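I have placed the structure first, in the form of structure tokens, so that the comments after it can refer back to it.
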Amino acid sequence: MKMKKRIEKSTNLDKYLKQIFFSKKDIHLLKMESRIKVNNKIINSDIFVNENDLLEIDVIKEEEIDKKPVFQDIKILYEDEFLLIVDKPAGIIIHSDGNKNNITLDSLVAGYYQSTNQKHRVLHVHRLDKETSGCILYCKQSYLISYFDNCIANNLIQRNYLALVSGTIDRAATIKKPIGKDRHINNKYRVSKTGKQAITFIRPLKQNSNSTLVKCSLQTGRTHQIRVHLQSIGHPVIGDTIYDGKRHNRLMLHSYQLSFVHPINNKQITVESKINYKTFNTE
């Protein structure tokens with residue numbers, strides 16, 4: 001499959017490719033490998049393209065799997081030639097932390113690729129904390145990573161979470177509090193005037209006598225953002241031993257929905273990871 005686009009405005013080809021989020025390195029490789037055509041002619045240099053010229057980019061490329069595969073069942077939520085979305089279990093890290101004995105989500109994806117005779121680098125687009133479950137997006141074609149980097153930077157991937165929090169929340173709210181590292185405790189973050197801007201939207205869905213199920217949407221993507229923000233308003237996520245200190249069977253935070261525009265066909269993709277609501281109940 002090829003990416004096909006009509007040039008909307010006369011410009012230099014390289015400039016146009018950068019506008020649709022190909023990196024300088026990717027543009028160079030695409031030309032070197034004869035993967036770019038304009039009006040059915042292979043292009044290997046920067047040229048001037050005219051309005052309504054037909055641009056074709058062959059973005060399908062086999063690459064060697066670059067992670068050690070682990071062969072275990074993995075739940076696939078969405079898959080095509082370019083993208084893979086998997087359902088991450090709680091308690092597993094995305095990529096290696098230096099401990100060779102760790103089973104990571106990346107290694108499980110590598111195992112899936114190998115067992116299904118696919119040759120791709122293992123490229124996760126975003127991450128979740130070890131204790132958090134839910135949707136994780138992988139890009140099969142390295143040429144498209146710049147596109148998703150731009151999506152992340154400009155909040156073009158909508159990420160919605162479910163969190164079970166302590167106490168009662170009875171109205172929707174927007175939490176705008178900057179987040180920075182806690183200088184006294186490793187791997188902990190805090191609301192800080194000198195931190196980076198962080199914005200979380202919350203909406204209560206269901207209340208119990210001692211907890212509330214909350215939908216959380218991110219406008220920014222700071223480390224531990226939902227956990228820090230909810231703790232800062234007095235409603236920590238249940239099971240959060242870092243920001244609440246009380247133990248539970250798991251951290252009650254789940255990434256249940258991803259929504260974004262597909263880089264090739266421009267269709268809106270929305271994927272959900274279903275959760276058993278009984279597991280998100282303290283009563």
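Brief remarks on what is shown
- Residues located in region 1-38, provided they are basic (Lys, Arg), farther than 22 Å from LYS267 by Cα and part of a helix (DSSP H, G or I): LYS15, LYS24, LYS25, LYS31
- One residue stands out among those in region 138-155 that are in a loop (DSSP other than H, G, I, E, B) and over 19 Å from ILE226 (Cβ atoms): the one that is farthest from the chain's Cα centre (by Cα), which is GLN141.
- Residues of region 1-60 that are among the aromatic types (Phe, Trp, Tyr) and under 17 Å from ASN150 (Cβ atoms): TYR16, PHE21, PHE22.
- Flag if GLN158 is surrounded by fewer than 20 Cβ atoms within 10 Å (Cβ to Cβ), of a type outside the set (A, V, I, L, M) and closer than 26 Å to ILE76 by Cα: yes
- Considering region 39-68, and only residues there that are in a strand (DSSP E or B) and in contact with a helix residue (DSSP H, G or I) (Cβ under 7 Å, 6 or more places away or on another chain), the residue that is modelled with the lowest pLDDT turns out to be ILE57.
- Within region 27-74, being of a type in the set (Lys, Arg), assigned by TED's automatic domain parsing to the domain that holds TYR112 and either surrounded by 17 or more Cβ atoms within 10 Å (Cβ to Cβ) or without any contact (Cβ under 8 Å) to a residue 24 or more places away in the chain (or both) holds for one residue alone: LYS67.
The values are calculated or read from the model by the stated rules, or taken from the named source; none is laboratory data. Computed from a predicted structure; not experimentally measured. Cβ atoms come from the backbone with ideal geometry, glycine included; neighbour counts cover every protein chain shown.
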